[in-house]
Amino acid sequence: MKRAIPSPVVLAVLLSLPACSALRDSSAFLQENHVAVAGLAGVAWTAQQLQYLKPEFLAGGLIAYGIYDPFAPTWEIKVTEVDAEHRRIDLSMKRLATGGDGEARQIFVRVAQSLAEKGGYAGFDELRYTEGIESTRPFAHRIAAGDIRLVKSRQFPAL
């Protein structure tokens, strides 16, 4: 006896129900997110046609999703306060990432600027910066680290 597989539209509606439950007006949700719901229905229909809704495919997809975790941030940022004006910034890239290999320097500068602005400083001096690859098992990953000194305005020291 063949098991009935739900239609793609039913799957799309069931998968979008958690998002709808947070909203009082589900019709407003569908009007605002009709492209996402249509895309989800298309993916469900394609998966059904290609017979990817079998338990072995779903289990493999869930395992791959768990390992890769596409919604996790690409870089882990750790800021350590050395003293009142010195900060150490450590960056560590996630082990399985697509892209982002050359952005460590940009993230370092962005974090340093943010620290200066939040602390009421005029800027920062970069004291040290290094990049490299940490060879850990089973996957190597990129790392970057640097030290900054937060500085007051040189033109107007009272500010």
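All but one of (1) part of a helix (DSSP H, G or I); (2) in contact (Cβ under 8 Å) with a residue 60 or more places away in the chain hold for residue 46, so report the exception by its number. Tallying (1) part of a helix (DSSP H, G or I); (2) in contact (Cβ under 8 Å) with a residue 60 or more places away in the chain, residue 46 fails exactly one: (2).
One line per residue, one yes/no per condition, for (1) more than 19 Å from the chain's Cα centre (by Cα); (2) loosely packed, with under 15 Cβ neighbours inside 10 Å; (3) assigned by TED's automatic domain parsing to the domain that holds residue 145:
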site: 88; (1), (2), (3): yes, no, yes
site: 91; (1), (2), (3): no, no, yes
site: 94; (1), (2), (3): no, no, yes
site: 102; (1), (2), (3): no, yes, yes
site: 108; (1), (2), (3): no, no, yes
site: 115; (1), (2), (3): yes, no, yes
site: 125; (1), (2), (3): yes, yes, yes
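With respect to the stated conditions, residue 47 is small (Gly, Ala, Ser), surrounded by 15 or more Cβ atoms within 10 Å (Cβ to Cβ) and either under 30 Å from residue 133 (Cβ atoms) or not assigned by TED's automatic domain parsing to the domain that holds residue 144 (or both).
For the range 118-138, the criterion of a residue being assigned to a loop (DSSP other than H, G, I, E, B), without any contact (Cβ under 8 Å) to a residue 60 or more places away in the chain and among the charged types (D, E, K, R) is satisfied by at least one position. Considering each residue of the range 55-76 in turn, at least one proves to be at pLDDT 75 or above, touching a strand residue (DSSP E or B) at 6+ places or on another chain (Cβ under 6 Å) and assigned to a strand (DSSP E or B). Residues that are of a type in the set (Lys, Arg) and surrounded by 15 or more Cβ atoms within 10 Å (Cβ to Cβ): does the range 128-147 have at least one? The answer is yes, given that some residue of the range 128-147 is of a type in the set (Lys, Arg) and surrounded by 15 or more Cβ atoms within 10 Å (Cβ to Cβ).
The values are calculated or read from the model by the stated rules, or taken from the named source; none is laboratory data. All values reported here derive from a predicted model rather than from experimental measurement. Cβ sites come from the backbone with ideal geometry, for glycine too, and all protein chains shown count toward neighbours.
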